[in-house]
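Peer 1: Okay, handing you the structure first.
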Amino acid sequence: MTDVTDGVLHTLFRSDQGGHEQVVLCQDRASGLKAVIALHSTALGPALGGTRFYPYASEEAAVADALNLSRGMSYKNALAGLEHGGGKAVIIGDPEQIKTEELLLAYGRFVASLGGRYVTACDVGTYVADMDVVARENRWTTGRSPEHGGAGDSSVLTAFGVYQGMRASAQQLWGDPALRGRKIGVAGVGKVGHHLVEHLVTDGAEVVVTDVREESVRRVTDRFPQVTVVADTDALIRTPGLDIYAPCALGGALNDETVPVLTATVVCGAANNQLAHPGVEKDLADRGILYAPDYVVNAGGVIQVADELRGFDFDRCKVQAARIFDTTLAIFARANEDGIPPAAAADRIAEQRMAEGRAARR
Ligand SMILES: NC(=O)c1ccc[n+]([C@@H]2O[C@H](COP(=O)([O-])OP(=O)(O)OC[C@H]3O[C@@H](n4cnc5c(N)ncnc54)[C@H](O)[C@@H]3O)[C@@H](O)[C@H]2O)c1
């Protein structure tokens, strides 16, 4: 018999990374759709999380990713104070090759079949225009265009939330949330990074940026000529006198190579999955660097898509995203109380909220 002890069913049913309530395998041969919808938890409400469209190496790899990402969404949604559990869907295949209207509609019917237990949105490989199509088949699709009742670009609120996380970090470390005069490095000035720079400049911070795309850098320096540009992320993280480092490009920014050379005393940015592996959070703590957990401070986007179900209201979302300040401070306080890094404290608070949600439903 094949040894399956490390397989996805083992993860699902037996490991600490499992425990998902429901995993749905979806197939529509006519359109070529193969998808996995994973509902990690509905303890706090319908499972919410985006749809990733990606050419996975195997179906097993796709299931594993759906399990992992949906679990992450449970934690993120719990800490964002949303009445949503965590879910995620993955569509298997190269979106450039196989994404068609027929396939997206078939996927939309699978979302419909869950009757509201799963609420979807955009993720890697899916865009607002795709969600407009998926939404034709169900009432539980967010991330749509404003013309189709959606909220559009989520980067404005994501940047605002990261900015609140930075202010909380400044309060924690220097006893004052003001960022005036602080030297802040932003790696990646795309949609989120650009809006973040605007907040920081407005507050009177000294901002240093870098981006692999010249156009992104130019958009920043055209609007804010006082911003300094450095060649690459390696130069940015070694900038003398840097107070805060904001990774706003790709995941894995905090790893065994970068953490030892960081000059900043705070890390707070929008990028997902900044910690390359779980040991990194301790390395940061050992160097006295305060880390504001990525999934907590970048929750502005998910706050926005959750609001779409109620009829999007920007001001209401902004009030909710502003609470990221208090949540970040609560995480630092818990980290100090329990003698653990902030990332572990965030997980504990999220698990507590989910347990309370489960108890309240009984
Ligand atoms: N957009 C949102 O609402 C949202 C919400 C939560 C998390 N995030 C995360 O925040 C990050 C940024 O998202 P975005 O929407 O601004 O994406 P984006 O693609 O608009 O911007 C990313 C920028 O990073 C740059 N970049 C890529 N590789 C780089 C490198 N090695 N060094 C420096 N710059 C590099 C790109 O050129 C681009 O300008 C991503 O990790 C994303 O997953 C975004």
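Peer 1: Please work out the C-alpha center-to-center distance from the range 73-90 to the range 276-339 and express it in whole Å.
Peer 2: About 13 Å separates the Cα centre of the range 73-90 from the one of the range 276-339.
Peer 1: What spacing in nm lies between the two simple spin-label points modelled at THR228 and ARG362, each 7 Å away from Cα in the Cβ direction?
Peer 2: About 5.7 nm separates the two model spin labels.
Peer 1: Something else: Starting from the 7 Å offset along Cα-to-Cβ, what nm value, one decimal, do you get for the label separation of ALA129 and ARG109?
Peer 2: 2.4 nm
Peer 1: Still on this model: Provide the packing ranking of 181-190, 201-210, i.e. peptides ordered by the mean count of other C-beta atoms within 10 Å per residue, highest first.
Peer 2: 181-190, 201-210
Peer 1: With both partners inside the range 31-168, how many of the DSSP beta bridges are antiparallel, as a percent to the nearest 5?
Peer 2: 40 percent
Peer 1: Greater than 19 Å separation of Cα atoms is the criterion. Which listed pairs, LYS191/LYS318; LYS88/LYS318; LYS76/LYS99; LYS34/LYS99, meet it?
Peer 2: LYS88/LYS318; LYS76/LYS99
Peer 1: Only Lys, Arg, Asp and Glu count, each charged at its Cβ (+1, +1, -1, -1), so figure out the dipole size of the chain about its Cα centre, rounded to 20 debye.
Peer 2: Computed about the Cα centre, the dipole is about 880 debye.
Peer 1: I've got another one for you. So for the pair ASP338, ASP94, with labels modelled 7 Å out along Cα→Cβ, what separation do we get in nm?
Peer 2: Label at ASP338, label at ASP94, 4.4 nm between them.
Peer 1: Next question, about the same structure. With a cut-off of 8 Å between alpha carbons and a minimum separation of six or more residues, what is the relative contact order of the range 248-339 in percent?
Peer 2: Computed value for the range 248-339: 24 percent relative contact order.
Peer 1: Across the range 246-324, how large is the tail of the calculated P(r) beyond 20 Å, expressed as a percent of all Cα pairs?
Peer 2: Everything past 20 Å amounts to 39 percent.
Peer 1: Output the peptides 287-296, 124-133, 191-200, 53-62 sorted from most to least packed, where packing is the average of other Cβ atoms within 10 Å over each peptide's residues.
Peer 2: Taking the mean over residues of other Cβ atoms within 10 Å, the ranking is 191-200, 287-296, 124-133, 53-62.
Peer 1: DSSP beta bridges in the chain, what fraction antiparallel, as a percent rounded to 5?
Peer 2: 35 percent
Peer 1: How large is Rg over Rh for the range 19-94, taking Rg from the Cα atoms and Rh as the Kirkwood inverse mean of 1/r across Cα pairs?
Peer 2: Ratio value, two decimals: 1.01.
Peer 1: Can you give the relative contact order of the chain as a percent, counting alpha carbon pairs under 8 Å and 6+ residues apart?
Peer 2: Result for the chain is 15 percent.
Peer 1: Would you mind calculating the gained length between HIS277 and ALA355 on full extension (0.36 nm times residue separation, minus the Cα-Cα distance), in nm to one decimal?
Peer 2: Residue separation times 0.36 nm, minus the Cα-Cα distance, leaves 25.5 nm.
Peer 1: May I ask you to list the trypsin sites (Lys or Arg not before Pro) in the range 289-322 that are in a DSSP loop and have at most 16 other Cβ atoms within 10 Å of their Cβ?
Peer 2: ARG310
Since every read-out is calculated from the coordinates, none of them should be taken as a lab result. Since we're looking at a predicted model, the values are computed, not measured. Here Cβ is always computed from backbone atoms with ideal geometry, including for glycine, and neighbour counts include all displayed protein chains.
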